[in-house]
1. So which pairs qualify, if the first residue must be in the range 65-80 and over 30 Å from residue 148 (Cα atoms), the second must be among the β-branched types (Val, Ile, Thr) and surrounded by 13 or more Cβ atoms within 10 Å (Cβ to Cβ), the Cβ gap must be under 7 Å, and the two must be at least 6 apart or on different chains?
2. Give the residues of the range 94-111 that are of a type outside the set (A, V, I, L, M), under 30 Å from the mean Cα position of the chain (by Cα) and closer than 22 Å to residue 66 by Cβ, sorted by residue number.
3. What number goes with the only condition from (1) over 23 Å from the mean Cα position of the chain (by Cα); (2) closer than 30 Å to residue 45 by Cβ; (3) without any contact (Cβ under 8 Å) to a residue 12 or more places away in the chain that residue 145 does not pass?
4. With the condition being open to solvent by less than 70 Å² (accessible area, probe 1.4 Å) and not charged (D, E, K, R), I'd like the strands (runs of 3 or more DSSP E) fully within the range 45-161 carrying at least 3 qualifying residues.
5. Just to be sure before I move on: is residue 44 of a type in the set (S, T, N, Q), over 30 Å from residue 171 (Cα atoms), under 31 Å from the mean Cα position of the chain (by Cα) and at pLDDT below 95 in the structure I sent?
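The values are calculated or read from the model by the stated rules, or taken from the named source; none is laboratory data. What you are looking at is a predicted structure, and each value in this text was computed from that prediction instead of being measured. Here the Cβ positions follow ideal geometry from the backbone for every residue, glycine too, while neighbour counts run over all protein chains shown. Heads up: the accessible areas ignore ligands, DNA and RNA and are worked out on the full protein's heavy atoms, side chains in. Shrake-Rupley method; radii C 1.70, N 1.55, O 1.52, S 1.80 Å.
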Amino acid sequence: MVPDRIKSVSCYWHVLIPLLLLGSNSGWSMPNPLAVEVKASIVNGCVVSGTNTSQLGTLNFGTLPGINSAATTADAVFVNNATLNLACTPGTTLSMSINGGVNYANSSRNMKLTDHTDLVPYRLYANAAHTTVIPLNTALSVAYSDADNITLPIYGLAQIPRVNRAGTYTDTLTVTLSW
């Protein structure tokens, strides 16, 4: 007899449950829409990308005469390596420092003639007017207007002696960027 009662009660469940749920405020009713927060945090930073990223660019003083009537100067402007890009998150404070180069001697950065001891001293500046010297290993702020394509403000002024041995004088600097 017990099975008959269970059978008769189970017939009514399909009618009773929807009626109970209509008047219910329980979890069985349709909930109000719920919000889901979506967010991401972007941090300040910079990146050097492209090919040959170990070569930032060049500071070329050009072709100069080997004999001058007097000591003279030659200037150069840093040119970015065309195969790389320096970019920072907008608003990032970027600074650079530059070492003395591989031929640093006599308290001066120097270009050296390969296989000789001949030197041509030069100074680095942070502006074209050559009024803001870039000292050795000292961080200088880098201002930029295009965060996606930053050019470092490096200008050079070489002290050309009156007589020079012919050849190509070079130096390699290490630039350290920080933000």
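1. Going by the 7 Å Cβ cut-off, the qualifying pairs are 68/160; 71/160; 72/160; 73/160; 74/160.
2. Answer for the range 94-111, where residues must be of a type outside the set (A, V, I, L, M), under 30 Å from the mean Cα position of the chain (by Cα) and closer than 22 Å to residue 66 by Cβ: 103, 108, 109, 110.
3. Checking residue 145 against (1) over 23 Å from the mean Cα position of the chain (by Cα); (2) closer than 30 Å to residue 45 by Cβ; (3) without any contact (Cβ under 8 Å) to a residue 12 or more places away in the chain, the one that fails is (1).
4. 46-50, 72-80, 84-88, 94-98, 109-113, 119-125, 155-160
5. yes
Residue-by-condition table, conditions (1) out of contact with any Phe, Trp or Tyr (no Cβ under 9 Å at 6 or more places or on another chain); (2) aromatic (Phe, Trp, Tyr); (3) farther than 29 Å from residue 49 by Cβ:
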site: 120; (1), (2), (3): no, no, yes
site: 152; (1), (2), (3): no, no, no
site: 155; (1), (2), (3): no, yes, no
site: 158; (1), (2), (3): no, no, yes
